[in-house]
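Worksheet: the structure to be examined is printed underneath.
The values are calculated or read from the model by the stated rules, or taken from the named source; none is laboratory data. Everything numeric here is computed off the predicted structure, so don't read it as measured data. Positions of Cβ are backbone-derived with ideal geometry, glycine not excepted, and every protein chain shown enters the neighbour counts.
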């Protein structure tokens, strides 16, 4: 990477795999279970979190020397809430249909523990540029898992991808359905998302034994 | 040496300044954008009402496209011939009836038993056919759901539009998808002379929705409570209009 130093590119690449927020740090699980029934929703959520986390990390990092230690969590919460509300209002005024599509995601972003986690663990102790990269990296690692889970849940649960009927039409019995294939309705429910994430964790740790925690 | 940020006085000063700055920033943004946002919401209502009577820009079987915001005002006045406000037995014409806040009317009626709530009714006309469009509001799993249903003169459903505030994406939020909304077309809400509404039913076993007389549409997988909310909303809100619509039909 010519653009970034080795240390900086590590900030982006690490959370994608060996320090993934979902599979290693086990943060942001709730939204990963709730909104991954469709691939499109997963992608929208991934992008929204990336914007908020990158901007929020920079703001926190700029203020890191003036935020009092005793109330730092409250200060972080207020900053992320204010950011999200401003984004929401601006979208409502200038991109109304987009804001309709995002509806609940906006609220879910505030409650995402990855955001507060990165503010607390990284942005409070690092310079803005590095915090920005950290935000992008962690949001990408989070988004990657969301998209993988969304892919399998939509494919196996509804037989579609991004709304396109890739396996044929279940009602008209074309494509795979002509051979007696059935959609697995379980995949649409949250418990199956947990199982999919569990499988990802299993695959990842069996490929890289260093990730297995000692007990 | 203790950092200056550890002092109590600094903490208090910081929180006061932070609250003032963030508070005025948010108030400023909300104030500055309010006009634009309420304009958007007004257009959205017009778009939704038109959508229920089949005036839309849909392309293909999966898309939900409204009349574009720029044109919707003119199109709305072209298709919606009459807007009525029903209050008790009286019906008056009011060209801003679509702006009536159903939620406020409902709360008001709940608080005060003597209050006769205003019921807006829109009468549309497309290709010589008359549509009665009724607004609805109910509860989903997480938050409010609402919508419009358009009926023809025989009180058969011509089209619906549903929307929601915070249903789960991919599950309950699918009430605003074509595959759900389209199922309502042609369904009957009356059984003889009695109002029965339309039930969002599990195990309806009619995925193509070929049976139109059963007052049932197929439920959404994983969204039982949202579906029940839709059923309840139709039963509760459409029923209010039935006596009036029957009277209105006779007079015509």
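I want to confirm something. Restricting to region A:93-104 and keeping residues that are touching a helix residue (DSSP H, G or I) at 6+ places or on another chain (Cβ under 7 Å) and at the interface with chain B (Cβ under 7 Å from one of its Cβ atoms), which single residue is surrounded by the fewest Cβ atoms within 10 Å (Cβ to Cβ)? That would be A:96. Screening residue A:116 on (1) away from chain B (no Cβ under 14 Å); (2) in contact (Cβ under 8 Å) with a residue 12 or more places away in the chain; (3) more than 25 Å from residue B:16 (Cβ to Cβ) shows it passes everything except condition (3). Once region B:11-31 is narrowed to residues that are under 30 Å from residue A:94 (Cα atoms) and surrounded by 13 or more Cβ atoms within 10 Å (Cβ to Cβ), the residue that is nearest to the chain's Cα centre (by Cα) is B:30. crowded, with 18+ Cβ neighbours inside 10 Å and under 20 Å from residue A:84 (Cα atoms): is that true of residue B:53 in this structure? Criteria not met by residue B:53.
When you check residue A:90 against the structure, is it without any contact (Cβ under 8 Å) to a residue 60 or more places away in the chain, surrounded by fewer than 18 Cβ atoms within 10 Å (Cβ to Cβ) and not in a helix (DSSP H, G or I), yes or no? Please lay out each step first, then the result.
Details: without any contact (Cβ under 8 Å) to a residue 60 or more places away in the chain: yes; surrounded by fewer than 18 Cβ atoms within 10 Å (Cβ to Cβ): yes; not in a helix (DSSP H, G or I): no.
For residue A:90, the condition - without any contact (Cβ under 8 Å) to a residue 60 or more places away in the chain, surrounded by fewer than 18 Cβ atoms within 10 Å (Cβ to Cβ) and not in a helix (DSSP H, G or I) - is not met.
The set of residues in region B:216-229 being out of contact with any strand residue (DSSP E or B) (no Cβ under 6 Å at 6 or more places or on another chain) and part of a loop (DSSP other than H, G, I, E, B) consists of B:220, B:221, B:222, B:223. Being at pLDDT 90 or above and surrounded by 15 or more Cβ atoms within 10 Å (Cβ to Cβ): is that true of residue B:158 here? Taking the combined requirement at face value, the residue satisfies it.
In the set B:104, B:126, B:176, only one residue is more than 18 Å from residue B:239 (Cβ to Cβ), more than 14 Å from chain A (Cβ to nearest Cβ) and surrounded by 14 or more Cβ atoms within 10 Å (Cβ to Cβ); that residue is B:126. Taking the conditions (1) within 21 Å of residue B:159 (Cα to Cα); (2) crowded, with 18+ Cβ neighbours inside 10 Å; (3) touching a helix residue (DSSP H, G or I) at 6+ places or on another chain (Cβ under 7 Å) in turn, residue B:40 satisfies each one other than (1).
Within region B:135-150, residues that are assigned to a loop (DSSP other than H, G, I, E, B) reach partners that are surrounded by fewer than 17 Cβ atoms within 10 Å (Cβ to Cβ) with beta carbons closer than 6 Å, at six or more positions or on different chains, in the pairs B:141/B:225; B:143/B:165.
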